[in-house]
Amino acid sequence: MAAMVTVAQVDLGRVCGDEDKMVVEEIDQVLRECVLQRRPVYIALPTDMVDLPVDAARLASPINTFPTVTPKSERAEEEVLARLLSCISHATQPLLIIDGFVARWSIFSEIDTLVRLLRWPTTSTPFGKSCIDETLPNFHGIYAGIAGRSVYKPWVDACDLVLRFGGLDSDVNTYGFSTLPPERATVNFHRDHIVFGEEGEKIEGVDIRRLLGRLIAQLREMDANGQIPRMEPYPTHLGDPRAELASLPPPDPQAKIEQHDFWQRISMFFREGDVILTETGTPSVGSREFVLPRNARLINSSIWLSIGFMMAAACGAALGVREILQQERKDEGENGESSHREQGDGQNGLQRNEESNSTSALNNPPQRNVLSSTIASGRTILFEGDGSFQMTAQELSTVISHKLDLTLFLINNDGYTIERFIHGMKAHYNDVPRWRYLDAPYFFGADMTGEGEEREWQGIEAGTDAGAGAGDVVVNGTVNGDGGDEGVLDVETGAEVKGHARKEKQITKAQGRRQGQEYKIQTYQATTWGDLLSILAKGEVKSGKGLCMIEVFMDREDAPESLKRLVANVVRRNSGQSEDDERARSEGKIVEEKIMKAAG
């Protein structure tokens, strides 16, 4: 059965010959295929072989993970390279599309170099977001097809060359397949083969990393000789995400938080090295509006859309960041040097993260290694919906038990908002029970007892410094989150707390139980931009240390604009109505309104 879902398998119980030698060779071979093909493998280890001693000599030499080059693969590579250089030389309206398998194949550096050399318009997909440096002047955000800007799709459809790397052709990733570029002009780059043009000519046996290395070498020569086509005039109408973010006026502190600008504005909180996860639902759709700094990584779902997955995934990401940092510190100690640079506090609230000018961005490529010091010193940030959180809320106990650093934005929009737009805006089956989410850390084992079982409560106005000392566990929450009489439970007495003024509550002098380590826990609520700005300006929030839960309230019938457009197109398609029909209907309605106005 394993053979159907893995690229290499071995049952060590059936290995014949010299057991000691054969076992280690078989294990190394399977591991090689795992790394080389970037796909799952299967090793069956019988229980009676667990204690079998083996020769450790092979551990002294790294496993060779370079692809095997044969005369056939060499010829295929030469053919592909020649055709690519010809296509590039004759392009007049080219485009680069960066998709998510670029991350799976670990070709960040090659893609980054290619984008800088060509200087052509570059876009990504939802799955591919963060696979390219988004500070580059030729990066134009996510191409959203029918759900995006009206000028974008016609321009892409008119391109005479589209180089598409690591494509995932799921309906979610392609906005209902509307972002698939014209086949006549497209070259699809896969891990071990290339597909050209409308006829789908497939050339196999070409390793993507080797091919890109040779292509980049050729392009450097062409660039030095001025032979790479430049787009003049450059298509500036495709948009500049960073300029759009910088042009946003400050939000009204009294205004409620809405989907249409939350995802773009929250980008100012991010800093270099952050690992950001977005749950299926409005967070995943909204995250496509993020404007990411260099070396930030975004993790989302673009195929199965299983809600609740990201809470557990965030545990793994936070633990991975910690282990990378620990390994780097160990390596630095052994080498007697310190190459690791801790990040500062990041942005002050939502101040814009200034980037260098476009020339500098193109000429100073950052390191694009997932296991870099930048990633290790970044924060793990999760955006989770209330309905999704209820699926796997118990993973919060894993975060607390292992004292993981996690900043959790919990979007409380009273149910399955994305499902409301698809079917049943008012339907009860899209509702979820209303939890007191900020009591979750206490329920899941956070040490809030303090020294000597002492607890101290303080009521302070929101947006002011909690005044907690170093190492304190701080639990902040809104006593009256919506301005009405509904309160929250006092975790000491179990009685409901009511009030009319927004307050924060704080537990002081509480320290972590395990191994005497301090572990700070903070919880906050925000219903207005003023609330959120005050929270994000706090140094302990910006640090990303400990567990920080920020419950952000939004309307249940509010959604990102791109989601509204996409759902409208899906509904129209499912009803058999074409886009032209809808346009004609809309134009007819406008004409009718003009006639009625003229008639008085």
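The values are calculated or read from the model by the stated rules, or taken from the named source; none is laboratory data. This one's a predicted model, so the numbers in the text were calculated from it and none came from an experiment. No Cβ is skipped: glycine too gets one built from the backbone with ideal geometry, and neighbour counts run over all protein chains shown.
Taken as a whole, the structure leaves Glu279 outside the set of residues that are closer than 24 Å to Lys542 by Cβ, crowded, with 23+ Cβ neighbours inside 10 Å and out of contact with any strand residue (DSSP E or B) (no Cβ under 6 Å at 6 or more places or on another chain). Within the range 111-124, is there a residue that is farther than 18 Å from Leu180 by Cβ and out of contact with any Leu (no Cβ under 9 Å at 6 or more places or on another chain)? Among the residues of the range 111-124, not one is farther than 18 Å from Leu180 by Cβ and out of contact with any Leu (no Cβ under 9 Å at 6 or more places or on another chain), which makes the answer no. Go through (1) within 23 Å of Thr122 (Cβ to Cβ); (2) exposed (fewer than 15 other Cβ atoms within 10 Å of the Cβ) for Leu180 and report which single condition fails. Evaluating Leu180 over (1) within 23 Å of Thr122 (Cβ to Cβ); (2) exposed (fewer than 15 other Cβ atoms within 10 Å of the Cβ) leaves (2) as the failure. Quick one: would you say Asp28 is touching a Pro at 6+ places or on another chain (Cβ under 9 Å) and surrounded by 12 or more Cβ atoms within 10 Å (Cβ to Cβ)? Taking the combined requirement at face value, the residue does not satisfy it. Taking the criterion of being of a type in the set (A, V, I, L, M) and surrounded by 16 or more Cβ atoms within 10 Å (Cβ to Cβ), the residues of the range 64-80 that qualify are Ala76, Val80.
Mind listing whichever residues of the range 116-153 are assigned to a loop (DSSP other than H, G, I, E, B) and in contact with a Lys or Arg (Cβ under 6 Å, 6 or more places away or on another chain)? Within the range 116-153, Pro126, Ser130, Asp133, Thr135, Asn138 meet the criteria. Counted as qualifying within the range 386-486 are the helices (runs of 4 or more DSSP H) with 2 or more residues that are more than 23 Å from the chain's Cα centre (by Cα), modelled with pLDDT under 95 and closer than 25 Å to Gly544 by Cβ, namely 440-443. When the helices (runs of 4 or more DSSP H) confined to the range 1-115 are screened for residues that are basic (Lys, Arg) and either more than 31 Å from the chain's Cα centre (by Cα) or farther than 20 Å from Val195 by Cα (or both), those reaching at least 1 such residues are found at 19-37, 71-90. With respect to the conditions (1) surrounded by fewer than 20 Cβ atoms within 10 Å (Cβ to Cβ); (2) within 25 Å of Arg242 (Cα to Cα), Ala158 falls short on a single one, namely (2). Can you confirm whether Val156 is closer than 24 Å to Val567 by Cβ, touching a residue at least 24 places away in the same chain (Cβ under 8 Å) and not in a loop (DSSP other than H, G, I, E, B)? Considered against the rule, which asks whether it is closer than 24 Å to Val567 by Cβ, touching a residue at least 24 places away in the same chain (Cβ under 8 Å) and not in a loop (DSSP other than H, G, I, E, B), Val156 comes out as yes.
Residues checked against (1) in contact (Cβ under 8 Å) with a residue 60 or more places away in the chain; (2) buried (at least 22 other Cβ atoms within 10 Å of the Cβ):
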{"site": "Arg83", "(1), (2)": "yes, no"}
{"site": "Thr92", "(1), (2)": "yes, no"}
{"site": "Leu95", "(1), (2)": "yes, yes"}
{"site": "Ser106", "(1), (2)": "yes, no"}
{"site": "Pro121", "(1), (2)": "yes, yes"}
{"site": "Pro126", "(1), (2)": "yes, yes"}
{"site": "Cys131", "(1), (2)": "no, yes"}
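In the range 175-185 there is no residue matching the filter, namely being closer than 24 Å to Val35 by Cα, out of contact with any Cys (no Cβ under 7 Å at 6 or more places or on another chain) and of a type outside the set (Val, Ile, Thr). Regarding the range 223-232, can at least one residue be identified that is polar (S, T, N, Q), closer than 30 Å to Pro154 by Cα and touching a Gly at 6+ places or on another chain (Cβ under 8 Å)? Taking every residue of the range 223-232 in turn, none turns out to be polar (S, T, N, Q), closer than 30 Å to Pro154 by Cα and touching a Gly at 6+ places or on another chain (Cβ under 8 Å).
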